Amino acid sequence: MKLLQADRLIGELMVPPDKSISHRSIMFGAISQGTTTVHNFLTAEDCLSTIDVFKALGVTIQRKGSVVTVIGSGIDGLEQPHQELNAGNSGTTLRLSLGILAACGFTSKIAGDHSLNKRPMERVMSPLRQMGANINGENQTGLPPITITGGKLKPIEYIMPVASAQVKSAILFAALQTDGETTIIEKEKSRNHTEEMIEQFGGTIKVQDKVIKITGKQKLVGQEITVPGDISSAAFFIVAGLILNNSQITLKQVGINPTRTGIIDVLKQMGGSITFSQMDKKNQAADLKVSTSKLKAVQVKGEIIPRLIDELPIIALAATQAEGTTVISDAAELKVKETNRIDVTASELNKLGANIETTEDGLIVYGPTKLHGGKVSSHGDHRIGMMLQIAALLTEEVVELENPEAINISYPTFFDDLAELKEEEQ
Ligand code: S3P
């Protein structure tokens, strides 16, 4: 597909609903008592995989556009599925579901697509095994398909070896079904939507910085949830607005949970003009106004990494337009995302004239570089596809993208939304 070109971006946009919160709203709805209604649910492939998995587990879920109703009967209401559960491309669906299945007294099997079936699962299986689940990957590989026989679980104290909200969340879901108190000690603070939603659904959880304590056998009750806009989707337009000349964009009601806003901190440090207005405290959302800015290189490393892990490819693109050398480190987790995002970000942007080196745990981006046309691929990774489309806005020549449909994983209307904002000089 030939990617869109633009001289500048002007206007307002409502980005799609948050993917992490949409997944969790179905899961919490399924294990709570009563009806959960989710407003502004993300109807993209990943979250639809979560709906399918929980329907296959016997939960009544109805969707009318972006409003989803889940009728929960607690964890005991889940039934043994008749077929293998399919998480598609979604790591969140697979890993978090394992935390729930760990307490279900039946055997089930869950797998995903070609990309997901290559992603590491031992990180979730190991703590769930310690809690008492019988759980194994295919041929002892630690890779999906995963077979899990759940049952009575015991609480654990777990020091997380990697910073991962998916692993933390799987343990929290399992911990909710134990008879005692589970302690999780995080390596670095990762997104906390699961912790927040436990409280939202009527449970209690104690969080002191990186130490989380939760007791099991709590009664969760169905809720009305309104999902804010996804900052990870907004990220593409935030960077586009900063690096394209004479641009000004307002992104409406974007989620600004502090465990997700690392990208704003980094882009502001780079000199980006980003301002917040219309704060909605209840839904942790705000309008973000972005305008063209002269960017300078920074170092991105340490504790901030989990707060912007999904945004690193688009931050790397911003760095190609910044003055100086941007060093991204402590980000080895990028290698086990939908693709190896260290390699793919560098190889695809370099095809367009960027000067990026890969390291063991990150990227070195030499800026500024003028980007040119060429042929690139999303490699089936939604965030790489969208990042490359933003890169293409800067080039005079055409950029062709292989596998553009990857964007459907998180943002099916991405190209249409971009087309609404683009302006060509007459
Ligand atoms: C997510 C956690 C992150 C992130 C993913 C969504 C979540 O993964 O990359 O896109 O919703 O919990 P890890 O937990 O593997 O870091």
Which number do you get for Rg(Cα) / (2.2 N^0.38 Å) in segment 1-93?
1.32
Return, for the Cα atoms of segment 221-353, the radius of gyration and Dmax in Å, separated by a comma.
15.3, 53
Viscosity 1.567 mPa s, temperature 4 °C: Stokes-Einstein D of segment 106-195 from its Kirkwood Cα radius, in µm² per second?
95
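Which trypsin sites (Lys or Arg not before Pro) from segment 79-151 combine a DSSP loop assignment with at most 15 other Cβ atoms within 10 Å?
On the way: sites: 95, 109, 118, 123, 129; in loops: none.
Loop-located and lightly packed - none at all.
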State the percent of C-alpha pairs, over all pairs in segment 130-174, separated by a distance greater than 18 angstrom.
39
Pop out the carbon and sulfur fraction of the accessible area of the chain as a percent, whole number, probe 1.4 Å.
47
Under Stokes-Einstein, with the Kirkwood radius over Cα pairs standing in for Rh, what whole-number D in µm²/s applies to segment 64-163 at 10 °C and 1.306 mPa s?
111
Only Cα pairs under 8 Å and at least 6 apart count here; give the relative contact order of the chain as a rounded whole percent.
17
Could you give me the radius of gyration and the Dmax of segment 290-425, taking only the C-alpha atoms into account and expressing both in angstrom?
14.2, 42
For segment 361-426, list log₁₀ I(q)/I(0) at each q in 0.16, 0.19, 0.22, 0.27 Å⁻¹, using the Debye formula over Cα point scatterers of equal strength and ignoring solvent, two decimals each.
-0.62, -0.84, -1.04, -1.24
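So which trypsin sites (Lys or Arg not before Pro) in segment 1-72 are both in a DSSP loop and have at most 10 other Cβ atoms within 10 Å of their Cβ?
On the way: sites: 2, 8, 19, 24, 55, 63, 64; in loops: none.
Of the trypsin sites (Lys or Arg not before Pro), not one in the loops of segment 1-72 has a Cβ with at most 10 other Cβ atoms within 10 Å.
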Can you find, among 164, 288, 105, the residue farthest towards the positive end of the dipole of the chain? Put +1 on the C-beta of Lys and Arg, -1 on that of Asp and Glu.
105
Non-local amide H neighbours of residue 300 (under 5 Å, H modeled in plane, Pro and chain starts lacking H): which ones?
327, 328, 329
Over the chain - Rg/Rh using Cα atoms and the Kirkwood inverse-distance radius
0.97
Could I get the Rg over Rh figure for segment 19-226? Both from C-alpha atoms, Rh via Kirkwood, rounded to two places.
0.93
Quick one: putting +1 on the C-beta of Lys and Arg, -1 on the C-beta of Asp and Glu, what dipole do you get for segment 287-426 around its Cα centre, in Debye to the nearest 20?
440
Run lengths n ≥ 4 of DSSP H only: what is the helix-derived mean residue ellipticity at 222 nm for the chain, with -39500 (n - 2.57) per run over all residues, to the nearest 500?
-8500 deg cm²/dmol
Given a 1.4 Å probe, the accessible area of the chain per residue, as a whole number of Å², is 38
For segment 331-383, inverting the pair-averaged 1/r of distinct alpha-carbon atoms gives a Kirkwood value in Å of 11.5
Can you list the residues, at least 5 places off or on another chain, whose amide H is less than 5 Å from the amide H of residue 256, using H built in the peptide plane?
285, 286
Residues in segment 3-45, backbone N under 16 Å from the label point at residue 252 (7 Å along the Cα-to-beta-carbon vector): list them, ranges by number please.
10-18, 40-41
About the Cα centre, charge dipole magnitude for the chain (Lys/Arg +1, Asp/Glu -1 at Cβ), debye
1080
Taking amide hydrogens as modeled 1.01 Å from N in the peptide plane, which residues meet the under 5 Å criterion relative to residue 355, leaving out close sequence neighbours?
366
J(HN,Hα) series, segment 322-336, from Karplus relation 6.51 cos²θ - 1.76 cosθ + 1.60, nearest Hz, glycine and proline x:
9, 7, x, 9, 8, 10, 10, 9, 6, 10, 4, 4, 4, 6, 10
At what distance in angstrom do the alpha carbon centres of segment 15-61 and segment 325-392 lie from each other?
31
In whole Hz, the Karplus estimates of ³J(HN,Hα) for segment 56-73 (6.51, -1.76, 1.60; θ = phi - 60°; x where Gly or Pro) are 5, 8, x, 7, 7, 10, 10, 10, 10, x, 9, 10, 10, 10, 10, 9, x, 10
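The values are calculated or read from the model by the stated rules, or taken from the named source; none is laboratory data. From a predicted model like this one, the values you see are computed outputs, not experimental measurements. Cβ: placed from backbone, ideal geometry, glycine included. Neighbour counts: every protein chain shown. The protein model used for the area step is the full one, side chains on, heavy atoms only, and it has no ligands, DNA or RNA in it. Shrake-Rupley method; radii C 1.70, N 1.55, O 1.52, S 1.80 Å.
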